[in-house]
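Everything below concerns the one structure shown next.
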Amino acid sequence: MALFSSENPHYKYNRKTLKYERIDNTYGYHIRRFLRVATLGILIGVGVFVLLITFIPSPAQKRLAEENDRINSQYQLLDRQLDEALRIMSIIQERDDNFYRVMLQADSIPTSIRTGNLSHTARYDQWDEMRTGTIVKQTSQKMDQLNKMLYTQSNSFDELVQLAKEREDRLQHLPAIQPVSNKDLKRTASGYGRRIDPIYKTIRFHKGMDFSAPTGTDIFATADGTITSIGWKQGYGYCIIIDHGYDYTTLYAHISKFKKGLRRGSKVSRGDVIAYVGNTGKSTGPHLHYEVRYKGVHQNPQNYYFLDLSPEEYDEMVRISSNSSQTFD
Ligand SMILES: [Zn+2]
């Protein structure tokens, strides 16, 4: 039998019998020999396997690597989109600081508050250990920066809305129309400044503006406010004073009749009829004498018709009112 014969028989010296005895014809020898070969085979097999899995990626690893690549390129894309978003955001900030905030007289917001300093925050450091960590860190930083900018911008707009409301209220209380209907400016009689007194014929300072109009013509409140004086006033005849708040008052003089129901303390809105043109007090003909005061100081009324007049009409009014050398008082 092949198991017990060999072309190169193995012998072993037996000390007891003092003879060489053939040993490759026993079962034990063959089992040991088989185990040796098998062990070697397994070791080589394991070695090759380890080499394979170390250097040749498995399908799962391949898939992971592919996914990794795709995530990486998606991050690159996000990074570029964030750059664009940040660019647009800074244009909005610039517009906010140099236009909206200027317009509403709010201070500009310092860059340090708008963007914060996010670049040295420790929570980004974890990404430094990763091979593709740089791009993750970069996009995270940019995203945080964008969030911070949006938050500040949103607060800024809230503040501006509030300021605009106050401003709107202020504007509503600022004298801004003519006190009589004067579409073709024909009623513009005489302006503010040094004029000849119609009665004494001497040079006097005319503290208001005169509008010639037939007795009974509507007189309008030129801004929202409260009537603080309504009645007879020496020189002014029947006269109304409106306090508009924000340090502005207006005065309407030589009235023939007050609007029914109005008294001291009555609230009026811009455009409300408050009285009718007349010729009471020191007056040389039916007209309205109109004054604007700011902090108690007389202002030139022609600067307070900006809701009423176009720039051309304004120029024309200035021309007419300064040409007439005599007032109606
Ligand atoms: Zn006058």
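Nothing in this text is a laboratory measurement; each read-out follows from the coordinates by a stated rule. Keep in mind that this is a model prediction, so the values were computed, not measured. All Cβ positions, even for glycine, are placed from backbone atoms using ideal geometry, and neighbour counts span all protein chains on display.
Hey, with R₀ at 45 Å, roughly what FRET efficiency would Asn303 and Arg263 work out to, going by the Cβ-Cβ distance, to 0.05?
0.90
Compute the distance from the alpha-carbon center of the stretch 250-281 to that of the stretch 166-216, in whole Å.
When both Cα centres are located, 15 Å separates them.
What distance in nm separates the two pseudo spin-label positions at Arg87 and Val102, each 7 Å out from Cα along the beta-carbon direction?
2.4 nm
Rounded to the nearest 500 deg cm²/dmol, what is the calculated helix-only ellipticity per residue at 222 nm for the chain, with -39500 (n - 2.57) per DSSP H run of length n ≥ 4?
Here the helix-only value at 222 nm equals -13500 deg cm²/dmol.
In degrees, nearest 10, range 0 to 90: what is the angle between the Cα axis of helix 59-95 and the longest Cα principal axis of the chain?
It works out to around 20 degrees.
Just want to confirm a number: the relative contact order over the stretch 68-172, from Cα pairs under 8 angstrom separated by 6+ residues, in percent.
37 percent
Under 20 Å from a point placed 7 Å out from the Cα of Asp243 along the Cα-to-Cβ direction: which residues of the stretch 155-199 have their backbone N that close?
169-176
I need His244, His254 ordered by Cβ neighbour count within 10 Å, fewest first.
Ordered from fewest to most neighbouring Cβ atoms within 10 Å, His244, His254 come out as His244, His254.
Could you pull out every one of the lysines with an alpha carbon less than 18 Å from that of Lys148, ignoring same-chain neighbours closer than 8 positions?
Result set, ordered by chain and number: Lys137.
Could you line up Val46, Val273 from fewest to most neighbouring Cβ atoms inside 10 Å?
Listing Val46, Val273 from fewest to most nearby Cβ atoms yields Val46, Val273.
Would you work out which of Val102, Gln162, Ser73 lies farthest towards the positive end of the dipole of the stretch 16-167, given +1 charges on the beta-carbon of Lys and Arg and -1 on that of Asp and Glu, about the Cα centre?
Ser73
For Lys165 and Asp128, calculate 0.36 nm times their separation in residues minus their Cα-Cα distance, and state this gained length in nm to one decimal.
8.4 nm
Take Val318 and Lys16, extend 7 Å from each Cα along the Cα→Cβ direction, and tell me the distance between the two endpoints in nm.
13.9 nm
Beyond 36 Å, what percent of the Cα pairs of the chain remain?
59 percent
Going by alpha carbons, how many degrees (0 to 90, nearest 10) lie between the helix axis of 311-323 and the longest principal axis of the chain?
For 311-323 against the chain, the angle is about 30 degrees.
FRET efficiency for Lys295 and Tyr200, Cβ-Cβ distance as r, R0 = 35 Å, nearest 0.05?
It comes out at approximately 0.75.
Give, rounded to the nearest 20 debye, the magnitude of the charge dipole that the chain has about its Cα centre when Lys and Arg contribute +1 at Cβ and Asp and Glu contribute -1 at Cβ.
The dipole magnitude comes to about 1140 debye.
Which angle between 0 and 90 degrees, to the nearest 10, do you get for helix 133-172 versus the longest principal axis of the chain when only C-alpha atoms count?
The helix 133-172 is inclined about 10 degrees to the chain.
What ranking of Thr327, Thr39 emerges when the number of other C-beta atoms within 10 Å of each C-beta is taken as an exposure proxy, fewest first?
Thr39, Thr327
Starting at the first residue of the stretch 104-116, write each ³J(HN,Hα) from the Karplus equation 6.51 cos²θ - 1.76 cosθ + 1.60 with θ = phi - 60°, in whole Hz, x for Gly and Pro.
Listing the rounded values in order: 9, 6, 9, 5, 6, 8, x, 4, 4, 7, 5, 9, x Hz.
Do you know the relative contact order of the chain, to the nearest whole percent, from alpha carbon pairs under 8 angstrom that are 6+ apart?
Over the chain, the number comes to 14 percent.
Measuring from label point to label point, each 7 Å out along Cα→Cβ, what is the Leu52 to Ala176 span in nm?
8.6 nm
Using θ = phi - 60° and the Karplus form 6.51 cos²θ - 1.76 cosθ + 1.60, what ³J(HN,Hα) does each residue of the stretch 9-23 get, whole Hz, x for Gly and Pro?
x, 9, 10, 9, 6, 9, 5, 6, 8, 6, 10, 7, 10, 5, 10
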